[in-house]
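The values are calculated or read from the model by the stated rules, or taken from the named source; none is laboratory data. Treat the numbers as computed from the prediction; the structure is a model and nothing was measured. With ideal geometry, Cβ positions are generated from the backbone for all residues, glycine too; neighbour counts draw on all protein chains shown.
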Amino acid sequence: MNVKEVRDALLYQMELYFNGKMTKEEYAIMAESFYSQYAYLIEHTQFYDIFSAAIPDCCIINVDEPGNEDKKELDFHRIVKETYEQLKML
């Protein structure tokens, strides 16, 4: 794996979630596993800074923590979408 492949894979995972191919729970599991394994390849990049500032906490708060499921779903989608848009502009 190289930097471009890691970036492309993380963006593709987000697209799968947006296209309804996976739930927020499935996305959180996939993203966390992949990110944990390959984050070192993108460290010290703007992509890493943006992704790591938003997605891990978003997954913890909106998937693992208790709360209003409808609100959590909306917040999760909004955060992932905003992060995706920022990452696509890099």
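A single member of L11, L16 is in contact (Cβ under 8 Å) with a residue 40 or more places away in the chain and either surrounded by fewer than 16 Cβ atoms within 10 Å (Cβ to Cβ) or over 17 Å from N62 (Cα atoms) (or both), and it is L11. Of the residues making up segment 26-62, those that are assigned to a helix (DSSP H, G or I) and either over 29 Å from N2 (Cβ atoms) or among the hydroxyl-bearing types (S, T, Y) (or both) are Y27, S33, Y35, S36, Y38, Y40, Y48, S52, I61, N62. Mind checking whether some residue in segment 65-75 is at pLDDT below 95, of a type in the set (G, A, S), part of a helix (DSSP H, G or I) and surrounded by fewer than 14 Cβ atoms within 10 Å (Cβ to Cβ)? No, because not a single residue in segment 65-75 is at pLDDT below 95, of a type in the set (G, A, S), part of a helix (DSSP H, G or I) and surrounded by fewer than 14 Cβ atoms within 10 Å (Cβ to Cβ). Cβ-Cβ contacts under 6 Å between residues 6 or more apart (or on different chains), taken from a first residue in segment 22-42 that is without any contact (Cβ under 8 Å) to a residue 12 or more places away in the chain to a second residue that is part of a helix (DSSP H, G or I), are listed as M22/L16.
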